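S.K.: Mind looking over this structure? Questions follow.
The values are calculated or read from the model by the stated rules, or taken from the named source; none is laboratory data. Given the structure is predicted, the values throughout are model-derived calculations rather than measurements. Here the Cβ positions follow ideal geometry from the backbone for every residue, glycine too, while neighbour counts run over all protein chains shown.
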Amino acid sequence: MADKKADGTVKLTPKVAKAPGKRAAQPKAPKSKIVTAAEPVVAANVVKKPDFLDNAVARSGVKRRDAKPAIEAALLELGEALLRGDELNLPPLGKIKVVKTKALNEGAQALTLKVRTMKDGAGLRKSGVAEDGDEG
């Protein structure tokens, strides 16, 4: 507050102090927007390694004897990276992060992972191999 005198000087007066114990209003943070609530997921079926290999071979068109060592090496590297606690960014799979670990008997560990998939399955249909009818 300012009072202006006739001689041109300005006298400043302090603001009225608020009642003790009351704080100034904090600016409100924007509300989080939840698109959908998280739902528990029960596995529809268990994909075992032979089926996984068959699916990868069918998708890639590579012979099984050529694909198997590469896929097994990739799975081994994936497991070791997760045990080290590394965060993985593997498109088209997505981002994988270790949230919790629990030591089990005989050196085994239980890992709780958080997987963030790509938007709308982006990249899931892309591969380096032409689909049927996609020659050229």
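S.K.: Within segment 50-63, track down each residue that is free of Cβ contacts under 8 Å to residues at least 24 places away in the same chain and either among the charged types (D, E, K, R) or touching a Lys or Arg at 6+ places or on another chain (Cβ under 8 Å) (or both).
M.R.: Those that are free of Cβ contacts under 8 Å to residues at least 24 places away in the same chain and either among the charged types (D, E, K, R) or touching a Lys or Arg at 6+ places or on another chain (Cβ under 8 Å) (or both): Asp51, Leu53, Asp54, Val57, Lys63.
S.K.: Among the residues that make up segment 51-74, is at least one of them among the small types (Gly, Ala, Ser), loosely packed, with under 10 Cβ neighbours inside 10 Å and under 25 Å from the mean Cα position of the chain (by Cα)?
M.R.: No, segment 51-74 contains no residue that is among the small types (Gly, Ala, Ser), loosely packed, with under 10 Cβ neighbours inside 10 Å and under 25 Å from the mean Cα position of the chain (by Cα).
S.K.: Looking at segment 87-128 only, could you name the residues that are modelled with pLDDT of 95 or more and in a loop (DSSP other than H, G, I, E, B)?
M.R.: If the condition is that a residue be modelled with pLDDT of 95 or more and in a loop (DSSP other than H, G, I, E, B), then Glu87 is the only one that fits.
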